[in-house]
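**Q** Mind having a look at this structure? Questions to follow.
The values are calculated or read from the model by the stated rules, or taken from the named source; none is laboratory data. Note that the structure is predicted; figures quoted are calculated from it, not measured. Heads up, the Cβs are rebuilt from the backbone with ideal geometry, glycines too, and the neighbour counts pull from every protein chain shown. These area figures cover heavy atoms from the full protein model, side chains too; ligands, DNA and RNA do not enter into them. Shrake-Rupley method; radii C 1.70, N 1.55, O 1.52, S 1.80 Å.
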Amino acid sequence: MKLSVYHTPELAPDEKLPQCAIAVDVLRATTTIATALAAGAEAVQVFSDIQELMQVSEQWSAPLRLRAGERGGSKVEGCDLGNSPLDCTPELMTGKRLFISTTNGTRSLVRIQEAAVVMTAALINRQAVVNYLLATKPETIWIIGSGWEGSYSLEDTVCAGAIAHQLQIQGKLSLSDLAGNDETVAAIALYLQWQDQLLSLLQQASHGQRLLRLDCNEDLIYCAKLDTLDIVPIQQEMGVLVGKSLKQD
């Protein structure tokens, strides 16, 4: 396995795709996606364009759909939900399809949606993602951070590092064998520095600061937890993610 980290979708190579591509948006899209699927959502369908979300979701039975839209950290008018994972309760999600568009995370998924295997990761499902990678052993893996409007984000990089470090330890891989680029080495170093202070890191991050100004500290607390969900959101068809669970013995 060779793992490469790219801080934003714009930095990923245009001319090729890996066997397995992983989108990360810790604050908050991929945390919300994992939580919705773990809470019983039938699927999560992602869109980079909010108008396309509205048009496609209109074709779905109203009692079986939820629309989640977020721009700049706030809920989009006309949507049922914003982008808080705390809203994804079993009572609300069970049996429904979540149609979601966010400022950053859904852009990453659109960028990699033609890879052979597409999945999402966050801190809360880090171990589940590692278990899947160890079981399937893709030759090439990309982790694509979402960043914020094209710029670097601490929270996505620390999540990439958490995945890479755990994959290295459990897979008994040397760093030189695993790392496909310098960003992977840097991501692991960031995680090792902050692994016991993940909430502090998220609160320090620029987007964490933005969410704190929107009174979303409870979201940060939830998003900073490690390995709380045994779910891997995997693309079933273009733009549609379903949840898989795979425990590692």
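**Q** Let me confirm something: among 74, 108, which residue is of a type in the set (Gly, Ala, Ser), modelled with pLDDT under 95 and within 15 Å of the chain's Cα centre (by Cα)?
**A** Unique residue meeting the criteria: 108.
**Q** Hey, another quick one. Taking only pairs six or more apart or across chains, which ones have beta-carbon atoms under 7 Å, a first residue in segment 59-76 that is more than 18 Å from residue 91 (Cα to Cα), and a second residue that is open to solvent by less than 80 Å² (accessible area, probe 1.4 Å) and acidic (Asp, Glu)?
**A** 76/70
**Q** Please go through segment 127-152 and pick out each residue that is under 15 Å from residue 202 (Cβ atoms) and open to solvent by less than 10 Å² (accessible area, probe 1.4 Å).
**A** Selection gives 145, 146, 147.
**Q** Let me ask something additional. Is one or more of the residues making up segment 155-163 surrounded by 13 or more Cβ atoms within 10 Å (Cβ to Cβ), of a type in the set (D, E, K, R) and over 20 Å from residue 18 (Cβ atoms)?
**A** yes
**Q** Out of the residues in segment 85-126 that are out of contact with any Lys or Arg (no Cβ under 9 Å at 6 or more places or on another chain) and polar (S, T, N, Q), which is most open to solvent (accessible area, probe 1.4 Å)?
**A** Looking at residues that are out of contact with any Lys or Arg (no Cβ under 9 Å at 6 or more places or on another chain) and polar (S, T, N, Q), I get 94.
**Q** From the list 146, 84, 108, exactly one residue is farther than 13 Å from residue 22 by Cβ and polar (S, T, N, Q). Which is it?
**A** 84 is the lone residue from the list that is farther than 13 Å from residue 22 by Cβ and polar (S, T, N, Q).
**Q** Now a separate question. Is it the case, given these coordinates, that residue 5 is open to solvent by 10 Å² or more (accessible area, probe 1.4 Å), farther than 18 Å from residue 232 by Cα, β-branched (Val, Ile, Thr) and in contact (Cβ under 8 Å) with a residue 24 or more places away in the chain?
**A** no
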